[in-house]
Amino acid sequence: ITPAGSVLRLTGDGEGLKDTALRMHLTGSDPGARGRGVDPLASRSNYFKGGPENWLSDIPNFGRVRYDRVYDGVDLVYYVKDDHVEFDFLAEPGADISPIGWTFDGAETVSMGKDGDLVVFAGGHDVVYKKPVAWQDSDDGRQFVEAAFDLSPDRTVNFALADYDTALPLTIDPELVYATY
C-alpha cells in the first residue's frame, strides 16, 4: 500500500483460479505523499530477520494509515474492516474531487456490475468494489451524498457525485468486497 495505489494478491486455490497480482494505481496522485499511522493499537511488533543490526523491536501498530494530500486537498486512509483492507478518500472543504481516479494492472476486465458495483476480473477472481458511499458530517448530523463510479473507455475509474456542500468535508468510501465465483 502506497500513496500511489495498492496491490491485492489473489491466490489460485480453486479450479480455474490463478495466482494473480492486481495492482491499483491512483492516477495523477502525489507519489511523495507521506503516510502516518493513526488510531494507535495496544499491540507492538518485533521483526528479527537477519543479524541483530537489522532487528526491529517494539514497533507500534496502528488501526489506520493516512496519506496526507494524495490529491490537492484530499487525503487517503487505509484500514482493515471485516478482515480485508479498505480505503476512504477524505476531501477538505473546497477540494476538487474530480482528479481522484485509478486504473488496474493485471485486470482482464473492468466493468460495471449490478447496483452500480465495480467488478474487476483477474486470474479467475472477481474483485468487487461496492457502489461508493459518500457523506458529509455537519451540525445537523451525517448527510449522505449520492455517489457512483464513473468508468471511462480506457478503464479509468472516477467518482460521480450529486451536488453537495463544498463548504464541508466530504468522505468517499468505495467498499472492497473480494469474491470468487
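In percent, how large is the relative contact order of the chain, given Cα pairs closer than 8 Å and 6 or more residues apart?
Details: 417 pairs, mean separation 34.6, N = 181.
Computed value for the chain: 19 percent relative contact order.
From the residues 63, 52, 171, which one has its Cα farthest along the dipole of the chain in the positive direction, the dipole being from +1 and -1 charges on Cβ of Lys/Arg and Asp/Glu about the Cα centre?
52
Please list, ordered by chain and number, the residues whose modelled amide H lies under 5 Å from the amide H of residue 145; skip anything fewer than 5 residues away on the same chain.
Distant-sequence amide H within range of residue 145: 134, 135, 136.
From zero up to wherever the largest Cα-Cα distance of segment 38-141 sits, split into 10 Å bins and tell me the percent of pairs in each.
Final binned percentages: 11, 27, 32, 22, 7, 1.
Write down the accessible area per residue of segment 115-167 in Å², having rolled a 1.4 Å probe over the full set of protein chains.
Ligands and nucleic acids excluded, the result is 52 Å² per residue.
Apply the Karplus curve 6.51 cos²θ - 1.76 cosθ + 1.60, θ = phi - 60°, to the phi angles in segment 83-99 and return the couplings in whole Hz, x for Gly and Pro.
Once θ is set to phi - 60°, the couplings for segment 83-99 become 6, 9, 7, 10, 8, 10, 9, 10, 9, 6, x, x, 5, 8, 8, 4, x Hz.
Could you run the Karplus curve 6.51 cos²θ - 1.76 cosθ + 1.60 with θ = phi - 60° over segment 138-155 and give me ³J(HN,Hα) per residue in whole Hz, x for Gly and Pro?
9, 4, 8, x, 7, 10, 7, 10, 4, 9, 8, 7, 10, 9, 8, x, 7, 6
With springs only between Cα atoms under 10 Å, which of 131, 49, 81 fluctuates most in a Gaussian network model of the chain?
Sorting by GNM fluctuation, first place goes to 49.
Hand me the tally of lysine pairs in the chain: alpha carbons under 28 angstrom apart, and the pair either on different chains or 8 or more positions apart.
9
How many nm is it between the label spots at residue 114 and residue 21, if each spot is 7 Å from the Cα in line with the beta carbon?
3.5
Rank 48, 62, 87 by accessible area, highest first, at a 1.4 Å probe radius?
Reading off the accessible areas and sorting them downward yields 48, 62, 87.
Exactly which GluC sites (Glu not before Pro) in segment 58-152 are in a DSSP loop and have at most 16 other Cβ atoms within 10 Å? List each step's numbers first, then the result.
On the way: sites: 86, 108, 146; in loops: 108, 146.
The qualifying sites are 108, 146.
What are the ³J(HN,Hα) couplings of segment 42-54, residue after residue, when phi is run through the Karplus curve with 6.51, -1.76, 1.60 and θ = phi - 60°? Round to Hz, x for glycine and proline.
6, 7, 10, 10, 10, 10, 10, 10, x, x, x, 5, 9
In Å and on Cα atoms, what radius of gyration and Dmax does segment 63-105 show?
Radius of gyration, then largest Cα-Cα span, for segment 63-105: 11.5, 34 Å.
Using 0.36 nm per residue of separation minus the Cα-Cα distance, give me the extension gain between residue 38 and residue 143 in nm, one decimal.
Values: separation 105, 0.36 × 105 = 37.80 nm, distance 2.48 nm.
Contour length minus Cα-Cα distance gives 35.3 nm.
Which of (1) 57, 44, 28; (2) 117, 28, 23; (3) 179, 21, 12 is the computed Cα extents along the principal axes in Å for the structure on display?
Comparing each candidate, only (1) matches the computed number.
To the nearest 20 debye, what charge dipole does segment 35-126 have about its Cα centre, counting +1 at the Cβ of each Lys and Arg and -1 at the Cβ of each Asp and Glu?
Values: 8 positive and 17 negative charges, 79 e Å.
It comes to approximately 380 debye.
For the charge dipole of the chain, defined by +1 on Lys and Arg C-beta atoms and -1 on Asp and Glu C-beta atoms about the Cα centroid, which residue among 95, 143, 118 has the Cα displaced farthest towards the positive pole?
Highest projection toward the positive end goes to 118.
Could you work out the relative contact order of segment 122-181, using alpha carbon pairs under 8 angstrom and six or more residues apart, expressed as a whole percent?
Working: 96 pairs, mean separation 28.6, N = 60.
Once divided by the residue count of segment 122-181, the mean separation gives 48 percent.
Show me the ranking of peptides 132-138, 163-169 by mean Cβ neighbours inside 10 Å, starting with the highest. Provide the component values of the computation, followed by the final result.
On the way: 132-138: 17.6, 163-169: 13.3.
Averaged packing, sorted descending, gives the order 132-138, 163-169.
The values are calculated or read from the model by the stated rules, or taken from the named source; none is laboratory data. Since we're looking at a predicted model, the values are computed, not measured. Positions of Cβ are backbone-derived with ideal geometry, glycine not excepted, and every protein chain shown enters the neighbour counts. Just so you know, the surface numbers come from the protein's heavy atoms only, side chains and all, with ligands and any DNA or RNA stripped out. Shrake-Rupley method; radii C 1.70, N 1.55, O 1.52, S 1.80 Å.
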